[in-house]
């Protein structure tokens, strides 16, 4: 029997991964997290409507050992237990030593960009180790891969992630977001490395299907990986755009305090700020999505622009970052993904594969 272990299986994104994989027949799905009680609740819920055999496990990702993996014998481990800014590659190395494929949903720049340091180890163990199987850089790269051939020269890529207010990010994701406020990072702008600060660069922009939103700059792996992947790409920008303007402007204000040295550990505010958001869930909607704008030169020498967007309704937005790991997991189990080694999640699935996976959800892509 094929066996997949999902860590963080009752979290914001892990729950969606587990839900999709539970549909697979002849699969044993181990849903794990630090709370055995919550893992059991998740297993009961998924067993009632899924095809897979679902087993709960109480497990801390920080303490998972090679002996644990050798006892459970999973084919694949999906790590959905962020935040990744505070993690190292210990868990990936444990998987390599046990001969288990590893996929995570990290969007922490240095974490994802550095995963290639495990490449030789992973190849020797004949396993695939993938970091960044999420909205960025995995889906954003799949979009650019699709439309880059329309350009003779791709100059810039602008990426906006715009969740609906009904989305509950959970404590770990909230801590991850807050830890980036006001922090400096390098971003390629017109071919030069420019210093940008997290959630600064405030601007307002219309997002297709979502209306006008405030934007704040984000540090993601795309900023480092895309200029290497797409020769000639001179500008890469990534923004977050919260639905409720007051929430977005509040984070922008906190980022200014961090940048001024007046607030040193904004992540400590995660619990009260998340509680406030949950209390005021009614202010927004369950509609979110993302938008990518590509600009450059067409094959006839003309200026060319592609505006691609993805709209998720009915609260289906959190499935977007969950789907890359589901796609890769299914392909690994089916034997159609034979790549081995350690790498960021770039070029491992196509945009068409992603859209096919979400076809049963209220998620719609459009291009202009």
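Remarks
- Filter result for the condition that a residue is surrounded by fewer than 22 Cβ atoms within 10 Å (Cβ to Cβ) and under 20 Å from residue 115 (Cβ atoms), over 92, 67, 61, 26: 61
Conditions tested, residue by residue: (1) buried (at least 21 other Cβ atoms within 10 Å of the Cβ); (2) at pLDDT below 95; (3) more than 14 Å from residue 147 (Cα to Cα); (4) in the same structural domain as residue 82 (by TED's automatic domain parsing).
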| residue | (1), (2), (3), (4) |
| --- | --- |
| 278 | no, yes, yes, no |
| 282 | no, yes, yes, no |
| 291 | yes, no, no, no |
| 298 | no, no, no, no |
| 303 | no, no, yes, no |
| 307 | no, no, no, no |
| 323 | yes, no, yes, yes |
| 326 | yes, no, yes, yes |
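- Among the numbered conditions (1) more than 21 Å from residue 131 (Cβ to Cβ); (2) not in a helix (DSSP H, G or I), the only one that residue 352 does not meet is (2).
- Flag set for residue 271, criterion: more than 20 Å from residue 136 (Cβ to Cβ), part of a helix (DSSP H, G or I) and either in contact with a helix residue (DSSP H, G or I) (Cβ under 8 Å, 6 or more places away or on another chain) or free of Cβ contacts under 8 Å to residues at least 60 places away in the same chain (or both).
- Test for residue 112: is it at pLDDT 95 or above, assigned to a strand (DSSP E or B) and not assigned by TED's automatic domain parsing to the domain that holds residue 172: no
One line per residue, one yes/no per condition, for (1) in contact with a strand residue (DSSP E or B) (Cβ under 9 Å, 6 or more places away or on another chain); (2) modelled with pLDDT under 95:
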position: 3; (1), (2): yes, no
position: 12; (1), (2): no, yes
position: 16; (1), (2): no, no
position: 20; (1), (2): no, no
position: 25; (1), (2): no, yes
position: 39; (1), (2): yes, no
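- The test for being surrounded by 15 or more Cβ atoms within 10 Å (Cβ to Cβ), within 26 Å of residue 230 (Cα to Cα) and touching a residue at least 24 places away in the same chain (Cβ under 8 Å) does not hold for residue 127.
- Looking at 226, 167, just one residue is farther than 24 Å from residue 260 by Cα, assigned by TED's automatic domain parsing to the domain that holds residue 263 and in a loop (DSSP other than H, G, I, E, B), and that residue is 167.
- Filter result for residue 216 (touching a strand residue (DSSP E or B) at 6+ places or on another chain (Cβ under 8 Å), exposed (fewer than 15 other Cβ atoms within 10 Å of the Cβ) and part of a strand (DSSP E or B)): no
Per-residue answers, yes or no, for (1) in contact with a helix residue (DSSP H, G or I) (Cβ under 9 Å, 6 or more places away or on another chain); (2) outside the structural domain of residue 109 (by TED's automatic domain parsing); (3) buried (at least 18 other Cβ atoms within 10 Å of the Cβ):
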position: 143; (1), (2), (3): yes, yes, yes
position: 151; (1), (2), (3): no, yes, yes
position: 161; (1), (2), (3): yes, yes, yes
position: 190; (1), (2), (3): no, yes, no
position: 199; (1), (2), (3): yes, yes, yes
position: 205; (1), (2), (3): no, yes, no
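- For the range 11-21, the set of residues classified as over 16 Å from the mean Cα position of the chain (by Cα) and either crowded, with 24+ Cβ neighbours inside 10 Å or not assigned by TED's automatic domain parsing to the domain that holds residue 60 (or both) consists of 21 only.
- Pick from the range 227-252, criterion over 19 Å from residue 162 (Cα atoms) and surrounded by fewer than 16 Cβ atoms within 10 Å (Cβ to Cβ), ranking: modelled with the highest pLDDT: 228
- Filtered by the rule that a residue be assigned to a loop (DSSP other than H, G, I, E, B) and touching a residue at least 40 places away in the same chain (Cβ under 8 Å), the range 7-29 gives 8, 9, 11, 12, 13, 24.
- Among the residues examined, residue 119 does not qualify as assigned by TED's automatic domain parsing to the domain that holds residue 335, under 23 Å from residue 173 (Cβ atoms), at pLDDT 95 or above and in contact with a strand residue (DSSP E or B) (Cβ under 7 Å, 6 or more places away or on another chain).
- Residue check for residue 194: over 11 Å from residue 240 (Cα atoms), at pLDDT 95 or above and either within 18 Å of the chain's Cα centre (by Cα) or not in a helix (DSSP H, G or I) (or both): yes
- A single member of 92, 32 is part of a strand (DSSP E or B), in the same structural domain as residue 125 (by TED's automatic domain parsing) and in contact (Cβ under 8 Å) with a residue 12 or more places away in the chain, and it is 32.
- Failed criterion for residue 49 (all others in (1) under 27 Å from residue 163 (Cβ atoms); (2) at pLDDT 95 or above hold): (2)
The values are calculated or read from the model by the stated rules, or taken from the named source; none is laboratory data. Small disclaimer: the values here were computed from a predicted structure and weren't measured. Glycine also receives a Cβ, built like all others from the backbone with ideal geometry; neighbour counts cover every protein chain displayed.
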